[in-house]
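Handing you this structure, nothing more for now.
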Amino acid sequence: MLLRTASRRVASAVLVTPVPRAKAPTRGLRLRVVDHASQSAVPPDAVTAPEAESVLRPLYMDVQATTPLDPRVLDAMLPYLVNYYGNPHSRTHAYGWESEAAMERARQQVASLIGADPREIIFTSGATESNNIAIKGVARFYRSRKKHLITTQTEHKCVLDSCRSLEAEGFQVTYLPVKKSGIIDLKELEAAIRPDTSLVSVMTVNNEIGVKQPIAEIGRICSSKKVYFHTDAAQAVGKIPLDVNDMKIDLMSISGHKIYGPKGVGAIYIRRRPRVRVEALQSGGGQERGMRSGTVPTPLVVGLGAACEVAQQEMEYDHRRISKLAERLIQKIMQSLPDVVMNGDPEHHYPGCINLSFAYVEGESLLMALKDVALSSGSACTSASLEPSYVLRAIGTDEDLAHSSIRFGIGRFTTEEEVDYTVEKCIHHVKRLREMSPLWEMVQDGIDLKSIKWTQH
């Protein structure tokens, strides 16, 4: 018995021995391997991958996929993760009341950013859920009279897939093509609207090529035809000025982690006057005015609200700074490399999203070469596929150029040094990969690749 007690004490002493904490990984230009084995009492196979591999991490230039959490947002969230943990729907005690007050303040902050009434903001898990509620919710509510929807070929996957699922339910969907610039033709939109059209869904800023659609003009057309207008504004909210009343937007999708807020939270704006009705997708306790049942996660919505408030305060400064950095990146690359194409309209464009095609270079090879810069060859939602981007194909980009595209994302925390480093590395690796390419050699010799008839063996 004594032996057993002694062995327990020894075991507990081992468990509480403080283990020196590995420093949190910080951003840097080089990756450095660090051996933690001599310091730690934890078995080597239990060390987490980032600790085992490196202390320094790649530069982050992929802000269209997600953004880092703004420290001011984290400060706002922390009390609701630790002390104020009440359920915001508990009406019988102070814990619930304080959480509810925080939730309503966040609703006000989101509404203020887009010029809406707080009662028109419904919290969701993100822009994907918001898009599903808008498209399926409106279509199903008005299905007895209206069975037609309109969207574009360059929408986010969740919009296109929602439309495909509605087609399986018997709805008809028109997928509008876009011009070479990536912008829709307003006359085509007007011609596509029918008496039984319930909804038009067009994204504000494209997540792959950064093109801005003429939202105010689309809103006016929809309003004059008495058709509801939904816009997926995940990439636009907090980055460019938006006003749901001036632009005649009836439904708008918002994402938290695209505006330096937390992941797992978003919102949908649903107009109250004239009232837009949606059929709820989720059954439950009837929270969020019955449109989105489920307990609202107070810390996350507080984070979303704080992110919207910070974005509203800093929008002008951020936009000016990001525009300057984007111009620097484009000019340096274009001046140093021939045969580089910028995808999408250069005028109607959000400057923080730059999509460039480097002819005669495979995009995936360039991404692998640029391993110390976190970049993407397109949408994070479809980047696992080796198919060329459907957005680039929709704007008429050749398949070989579509395969050679890289998306550069510039955000609130991107520095001039990071842009210069990325440019320098990009130029170096494009030149190196082109020197290895037989196609580049043929072009240098004056051979027109399109005139060649390739045969299979």
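The values are calculated or read from the model by the stated rules, or taken from the named source; none is laboratory data. It should be emphasised that the depicted structure is a prediction, and the values quoted were computed from it without experimental measurement. Please note: Cβ atoms are built from the backbone with ideal geometry, for glycine as well, and neighbour counts cover all protein chains shown. These accessible areas exclude ligands, DNA and RNA; they are computed on the full protein's heavy atoms, side chains included. Shrake-Rupley method; radii C 1.70, N 1.55, O 1.52, S 1.80 Å.
Among the residues of the range 109-168, write down those that are part of a helix (DSSP H, G or I), in contact (Cβ under 8 Å) with a residue 40 or more places away in the chain, under 26 Å from Pro195 (Cβ atoms) and among the charged types (D, E, K, R).
Lys136, Arg140
Is there a residue in the range 257-267 that is among the aromatic types (Phe, Trp, Tyr), in a loop (DSSP other than H, G, I, E, B), under 26 Å from the mean Cα position of the chain (by Cα) and surrounded by 16 or more Cβ atoms within 10 Å (Cβ to Cβ)? Spell out the reasoning first.
Narrowing the range 257-267 to residues among the aromatic types (Phe, Trp, Tyr): 260.
When the remaining residues are screened for being in a loop (DSSP other than H, G, I, E, B), the result is 260.
Cutting the leftovers down to under 26 Å from the mean Cα position of the chain (by Cα) gives us 260.
Retained after the next criterion (residues that are surrounded by 16 or more Cβ atoms within 10 Å (Cβ to Cβ)): 260.
The answer is yes; a qualifying residue exists.
For the range 170-186: of the residues being out of contact with any helix residue (DSSP H, G or I) (no Cβ under 8 Å at 6 or more places or on another chain) and loosely packed, with under 15 Cβ neighbours inside 10 Å, which is nearest to Gly344 (Cα to Cα)?
Only one residue tops the list, namely Lys180.
Tell me, yes or no, whether the range 248-262 has at least one residue that is touching a residue at least 60 places away in the same chain (Cβ under 8 Å), out of contact with any Cys (no Cβ under 7 Å at 6 or more places or on another chain) and more than 29 Å from Thr295 (Cα to Cα).
no
Looking at (1) more than 25 Å from the chain's Cα centre (by Cα); (2) in contact (Cβ under 8 Å) with a residue 40 or more places away in the chain; (3) not in a strand (DSSP E or B), find the lone condition where Ser198 falls short.
Among (1) more than 25 Å from the chain's Cα centre (by Cα); (2) in contact (Cβ under 8 Å) with a residue 40 or more places away in the chain; (3) not in a strand (DSSP E or B), Ser198 violates only (3).
Could you run through the range 223-238 and say how many residues are in contact with a strand residue (DSSP E or B) (Cβ under 8 Å, 6 or more places away or on another chain) and crowded, with 24+ Cβ neighbours inside 10 Å?
Let us first name the residues in the range 223-238 that are in contact with a strand residue (DSSP E or B) (Cβ under 8 Å, 6 or more places away or on another chain), namely 223, 225, 227-237.
Next, from what is left, pick out any that are crowded, with 24+ Cβ neighbours inside 10 Å: 228-237.
Adding up the residues that qualify gives 10.
Please indicate, with yes or no, whether at least one residue in the range 171-182 is in a strand (DSSP E or B) and either among the small types (Gly, Ala, Ser) or more than 21 Å from Asp250 (Cβ to Cβ) (or both). Working first, answer last.
Restricting attention to the range 171-182, the residues satisfying the condition of being in a strand (DSSP E or B) are 172-176, 178.
In the following step, the residues that additionally are either among the small types (Gly, Ala, Ser) or more than 21 Å from Asp250 (Cβ to Cβ) (or both) were identified as 178.
Yes, because at least one residue in the range 171-182 is in a strand (DSSP E or B) and either among the small types (Gly, Ala, Ser) or more than 21 Å from Asp250 (Cβ to Cβ) (or both).
Only one of Met252, Met247 is aliphatic (A, V, I, L, M), at negative phi and open to solvent by 20 Å² or more (accessible area, probe 1.4 Å). Can you tell me which?
Numbers: Met252 fails: open to solvent by 20 Å² or more (accessible area, probe 1.4 Å).
Exactly one residue qualifies, and that residue is Met247.
When residues of the range 295-318 are filtered for being part of a loop (DSSP other than H, G, I, E, B) and surrounded by fewer than 16 Cβ atoms within 10 Å (Cβ to Cβ), how many remain? Talk me through it step by step, then tell me what you get.
The first filter runs over the range 295-318 and keeps only residues part of a loop (DSSP other than H, G, I, E, B), leaving 295-297.
Now drop any that are not surrounded by fewer than 16 Cβ atoms within 10 Å (Cβ to Cβ), which leaves 295.
Total meeting the criteria: 1.
A follow-up question, please. Among what's in the range 404-428 and is among the charged types (D, E, K, R) and under 16 Å from the mean Cα position of the chain (by Cα), pick the residue that is farthest from Tyr390 (Cα to Cα). Steps first, please.
In the first step, residues of the range 404-428 are kept if they are among the charged types (D, E, K, R); the result is 407, 412, 416-418, 420, 424-425.
Next, only the ones that are under 16 Å from the mean Cα position of the chain (by Cα) stay: 407, 412.
On the way: Arg407: 14, Arg412: 28 Å.
The selected residue is Arg412.
Further question: Among the residues that make up the range 153-160, is at least one of them more than 22 Å from the chain's Cα centre (by Cα) and surrounded by fewer than 18 Cβ atoms within 10 Å (Cβ to Cβ)? Walk me through it before giving the result.
Restricting attention to the range 153-160, the residues satisfying the condition of being more than 22 Å from the chain's Cα centre (by Cα) are none.
No, every residue in the range 153-160 fails to be more than 22 Å from the chain's Cα centre (by Cα) and surrounded by fewer than 18 Cβ atoms within 10 Å (Cβ to Cβ).
Would you tally the residues in the range 389-432 being of a type in the set (A, V, I, L, M, F, W, C), at pLDDT 95 or above and open to solvent by 20 Å² or more (accessible area, probe 1.4 Å)?
Total meeting the criteria: 3.
Test each condition in (1) within 21 Å of the chain's Cα centre (by Cα); (2) surrounded by fewer than 17 Cβ atoms within 10 Å (Cβ to Cβ); (3) modelled with pLDDT of 90 or more for Val341 and report the one that comes out false.
All conditions are met except number (1).
Same structure again: When both residues are 6+ apart or on different chains and their Cβ atoms are under 9 Å apart, which pairs have a first residue that lies in the range 274-288 and is basic (Lys, Arg), and a second that is in a loop (DSSP other than H, G, I, E, B)?
Arg277/Tyr142
Right, next: For the range 116-139, check the following and say yes or no: at least one residue is among the aromatic types (Phe, Trp, Tyr) and surrounded by fewer than 24 Cβ atoms within 10 Å (Cβ to Cβ).
First, pick out the residues of the range 116-139 that are among the aromatic types (Phe, Trp, Tyr): 123.
Of the ones still in play, those that are also surrounded by fewer than 24 Cβ atoms within 10 Å (Cβ to Cβ) are none.
Looking through the range 116-139, none of the residues is among the aromatic types (Phe, Trp, Tyr) and surrounded by fewer than 24 Cβ atoms within 10 Å (Cβ to Cβ).
In addition: Might you let me know whether the range 87-105 holds any residue that is of a type in the set (Gly, Ala, Ser) and outside any helix (DSSP H, G or I)? Before you say what the answer is, go through the steps one by one.
Residues of the range 87-105 that are of a type in the set (Gly, Ala, Ser), as a first pass: 90, 94, 96, 99, 101-102.
Restricting the remaining residues to those that are outside any helix (DSSP H, G or I) gives 90.
Checked against the condition, which is being of a type in the set (Gly, Ala, Ser) and outside any helix (DSSP H, G or I), the range 87-105 yields at least one hit.
Sticking with this one: Checking the structure you have, find out if any residue of the range 187-209 is open to solvent by 20 Å² or more (accessible area, probe 1.4 Å) and among the β-branched types (Val, Ile, Thr).
yes
Another question about this same structure. What is the number of the single condition among (1) touching a Ser or Thr at 6+ places or on another chain (Cβ under 7 Å); (2) open to solvent by 60 Å² or more (accessible area, probe 1.4 Å) that Gln213 does not meet?
(2)
I would also like to ask the following. Mind checking whether some residue in the range 321-338 is assigned to a helix (DSSP H, G or I), of a type outside the set (Ser, Thr, Tyr), open to solvent by less than 60 Å² (accessible area, probe 1.4 Å) and farther than 23 Å from Asp420 by Cα?
Looking for residues that are assigned to a helix (DSSP H, G or I), of a type outside the set (Ser, Thr, Tyr), open to solvent by less than 60 Å² (accessible area, probe 1.4 Å) and farther than 23 Å from Asp420 by Cα, one finds none in the range 321-338, hence no.
Next question. What helices (runs of 4 or more DSSP H), lying completely within the range 347-457, carry at least 3 residues that are in contact with a His (Cβ under 8 Å, 6 or more places away or on another chain)?
Working: elements: 363-369, 390-394, 399-403, 416-435, 438-444.
Ranges flagged: 363-369.
Just to be sure I understand, how many residues within the range 215-234 are touching a Cys at 6+ places or on another chain (Cβ under 7 Å) and either outside any strand (DSSP E or B) or under 22 Å from Ser323 (Cα atoms) (or both)?
0
Does the range 75-86 contain at least one residue that is in contact with a Phe, Trp or Tyr (Cβ under 9 Å, 6 or more places away or on another chain) and either open to solvent by less than 50 Å² (accessible area, probe 1.4 Å) or part of a helix (DSSP H, G or I) (or both)? I'd like the intermediate steps shown before the answer.
Residues of the range 75-86 that are in contact with a Phe, Trp or Tyr (Cβ under 9 Å, 6 or more places away or on another chain), as a first pass: 84-86.
Within this subset, residues satisfying the condition of being either open to solvent by less than 50 Å² (accessible area, probe 1.4 Å) or part of a helix (DSSP H, G or I) (or both) are 86.
For the range 75-86, residues in contact with a Phe, Trp or Tyr (Cβ under 9 Å, 6 or more places away or on another chain) and either open to solvent by less than 50 Å² (accessible area, probe 1.4 Å) or part of a helix (DSSP H, G or I) (or both): present.
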